[in-house]
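Structure first, then comments.
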């Protein structure tokens, strides 16, 4: 039984406007949502242009907001933020703009606090295993490997 609602272009426009107002979206998310609404490619193009013209969709604004949020809330590093934005087909220009949202001093303070907190939380007694666990955690979160390995060696002394 496939009783999924079908949308007219106007209905889809209104629905997707609400989708964009709720939270910043990138083109890829919007196009995916419109495909879920079973819109044809021509209708998707018309709706995306409408969203851009009326400022519901702004990839630079999305990128900046994404970077700020993931850094402040999830404590992600620049490597992970960059990877996630690339996955969303964000342009190199908008990627650079997004990373400028992160203050270098805040970045290093957050990194140091996160590393210290993780180091203290790990109960592993084998020093090499402990170093690996801390490093793996920080790398997964997308912090630069040069920062991670320098910090792990510093914490271990």
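Every read-out reported here was derived from the displayed coordinates using simple, explicitly stated rules and does not represent laboratory data. Owing to the predicted nature of the structure, the values given are computational and were not obtained by experimental measurement. All Cβ positions, glycine included, derive from the backbone under ideal geometry; neighbour counts span all protein chains shown.
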*Note the angle between two axes, namely the Cα long axis of helix 127-140 and the longest principal axis of the Cα atoms of the chain, as a number of degrees from 0 to 90, rounded to the nearest 10.*
20 degrees
_From the helices alone, meaning DSSP H stretches of at least four residues, give me the mean residue ellipticity at 222 nm for the chain, per-run term -39500 (n - 2.57), in deg cm²/dmol to the nearest 500._
-22500 deg cm²/dmol
*Stokes-Einstein D (µm²/s) once Rh is taken as the Kirkwood radius of the chain over alpha-carbon pairs, at 25 °C in 0.890 mPa s*: 136 µm²/s
_Once you keep just the Cα pairs under 8 angstrom separated by 6 or more residues, what percentage relative contact order results for region 28-100?_
35 percent
*Could you work out how far the C-alpha centroid of region 1-73 sits from that of region 105-120, in angstrom?*
35 Å
*Tell me, what is the percent relative contact order of the chain, built from C-alpha pairs under 8 Å that lie six or more residues apart?*
21 percent
*So if we plug the beta-carbon distance of residue 136 and residue 86 into 1/(1 + (r/R0)^6) with R0 = 35 Å, what FRET efficiency do we get, rounded to 0.05?*
0.95
*Remind me, relative contact order of region 59-100 in percent, using alpha carbon pairs under 8 angstrom and six or more residues apart?*
61 percent
*What length, rounded to one decimal in nm, is gained on full extension from residue 15 through to residue 52, with 0.36 nm per residue of separation minus their alpha-carbon distance?*
11.8 nm
*What angle do you read, to the nearest 10 degrees and between 0 and 90, between the alpha-carbon axis of helix 41-53 and the longest principal axis of the chain?*
70 degrees
_Testing the spin-label approximation: label points 7 Å from Cα along Cα→Cβ at residue 154 and residue 106. State their distance in nm._
2.1 nm
